[in-house]
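Undergrad: Once you've had a glance at the structure underneath, I'll fire off some questions.
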Amino acid sequence: MNKCNYMNTSVQEPPLDYSFRSIHVTQDLLSEEPRTGLRPLRHSKSGKPMTQSLWLNNNVLNDLRDFNHVVSQLLEHPENLAWIDLSFNDLTCIDPILTTFFNLSVLYLHGNSIQHLGEVNKLAVLPRLRSLTLHGNPIEEEKGYREYPKCPTMECQIYDSVPDCPWELRQVGHLG
């Protein structure tokens, strides 16, 4: 994915939603119908959705093999993908393929089987990542789990759905 091709389309578009579809492998997305929401998805002239959000939560994915290829077939502008929800799957690691989506700002990985805290380091290359969830993974039991992402290379402001910096804590009323 090219860092420079960011198109300022609205993240307010409805997501391409494949949640609760019992998807085992990413290739299944090509034959599965996405869920429909209250608002219809806008489509390009080629027929691909014009969204920046992909929801794959509550499935049975255990790896992200062919993820880039599948996403490029599903979305008109995969390089604009800003929100990926992979929560409640069977992922055991953070696949490096996720780091190719340079405009990713929200990544939900909670409720998986991620075992090693060091996996989080892979995400340090994502310049726009602002919200990351990892709770409900075995790494939650590791010492230093809550403090781990607070390193200079990561810009996360919300971690496990909890504000992570003083400015945001003031906004939600936890600091004076």
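The values are calculated or read from the model by the stated rules, or taken from the named source; none is laboratory data. Please read these numbers as outputs of a predicted model, since none were measured by experiment. Cβ: placed from backbone, ideal geometry, glycine included. Neighbour counts: every protein chain shown. We work out accessible area using only protein heavy atoms, side chains counted, and drop any ligands, DNA or RNA first. Shrake-Rupley method; radii C 1.70, N 1.55, O 1.52, S 1.80 Å.
Undergrad: So for region 1-133, averaging the separation of alpha carbon pairs under 8 Å that are six or more residues apart and normalising by length, what relative contact order in percent results? Intermediate values should be presented prior to the final figure.
TA: Working: 280 pairs, mean separation 31.1, N = 133.
Reported relative contact order: 23 percent.
Undergrad: How much of the calculated P(r) for region 68-149 lies past 20 Å, in percent of all Cα pairs?
TA: 30 percent
Undergrad: With every protein chain present, what is the per residue accessible area of region 45-96 (1.4 Å probe, Å²)?
TA: Working: 2010 Å² over 52 residues.
With the other protein chains kept in place, region 45-96 gives 39 Å² per residue.
Undergrad: Determine the gain in length on full extension of the stretch ASP28-GLU142; use 0.36 nm per residue of separation and subtract their C-alpha separation, reporting nm with one decimal. Walk me through the numbers before you get to the answer.
TA: Working: separation 114, 0.36 × 114 = 41.04 nm, distance 3.36 nm.
This chain segment gains 37.7 nm when fully extended.
Undergrad: At 7 Å along Cα-to-Cβ for each site, give me the label-to-label distance between ARG128 and SER72 in nm.
TA: For the pair ARG128/SER72, the computed spacing is 1.9 nm.
Undergrad: Next question, about the same structure. Kindly provide the pair-distance distribution of region 1-125 built from C-alpha pairs, with 5 Å bins from 0 and whole-percent values in order of increasing distance.
TA: P(r) for region 1-125, in whole percents per bin: 2, 11, 21, 26, 21, 12, 5, 1, 0.
Undergrad: Evaluate 2.2 N^0.38 Å with N set to the residue count of region 29-83, then give the Cα radius of gyration divided by it. List each step's numbers first, then the result.
TA: Values: Rg = 11.5 Å, N = 55, 2.2 N^0.38 = 10.1 Å.
Against the empirical 2.2 N^0.38 Å value, I get 1.14 for region 29-83.
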